[in-house]
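Report on the structure given below.
The values are calculated or read from the model by the stated rules, or taken from the named source; none is laboratory data. These numbers were taken from a predicted model, which means no experiment stands behind them. Reconstructed Cβ throughout: ideal geometry from the backbone, glycine too, with neighbour counts over all protein chains shown. Surface areas here come from the heavy atoms of the whole protein model, side chains and all, with no ligands, DNA or RNA. Shrake-Rupley method; radii C 1.70, N 1.55, O 1.52, S 1.80 Å.
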Amino acid sequence: MEGVKAEVGNLESSLLQIVQEHQRRSICIREKTDKAKKDALQTAIRVSELLVETVNGQVEATFINEKRIELEIRALVSTIMRYKKQTDQWLAASHALNTVIKPRIHLNKT
């Protein structure tokens, strides 16, 4: 009977060791998994921050370009208006000159 008790004690001891080893391994695996999740989350956050910075930089550059284009448009409109005014003045002067010259040409022909 003592041999059976010793053998049962050894079995319980072995089972207890197996359970404890399983628990240690489970804890170790859980810790590694948690660490991997934290690392993945930090990496995802950093990638997201970099993407936002890149997009913001491109948006800023786009707005700067838009402002430059608007300034160029205003300058071109101003130049066009100045040329239009000059053209109108030239046309008026040309018309006035033609008005003065035409009667004299008719007088010389007669």
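Any idea of R68's accessible area? Nearest 10 Å², probe 1.4 Å.
140
Local charge sum around V77 (other residues, Cβ-Cβ under 13 Å, Lys/Arg +1, Asp/Glu -1)?
+2
Springs between alpha-carbon pairs under 10 angstrom, Gaussian network model over the chain: which of E49, E21, E66 fluctuates most?
Checking each option, the largest mean-square fluctuation is seen for E21.
Using a 1.4 Å probe on the protein chains only, how many percent of the accessible area of the chain belongs to carbon and sulfur?
63
Can you give the accessible area per residue of the chain, in Å², using a 1.4 Å probe?
In whole numbers, the chain has 95 Å² accessible per residue.
Quick one: Karplus J couplings for region 24-30, per residue in order, coefficients 6.51, -1.76, 1.60, θ = phi - 60°, nearest Hz, x for Gly and Pro?
4, 5, 4, 5, 4, 5, 4
Which entry in (i) -0.89, -1.02, -1.07; (ii) -0.92, -1.19, -1.27; (iii) -0.99, -1.07, -1.10 is this structure's computed log10 I(q)/I(0) by the Debye sum over Cα atoms at q = 0.17, 0.20, 0.21 Å⁻¹?
Entry (iii).
Give me the distance in nm between label points sitting 7 Å out from Cα along the Cα-to-Cβ direction at A61 and T33, one decimal.
Label-label distance for A61 and T33, simple model: 4.4 nm.
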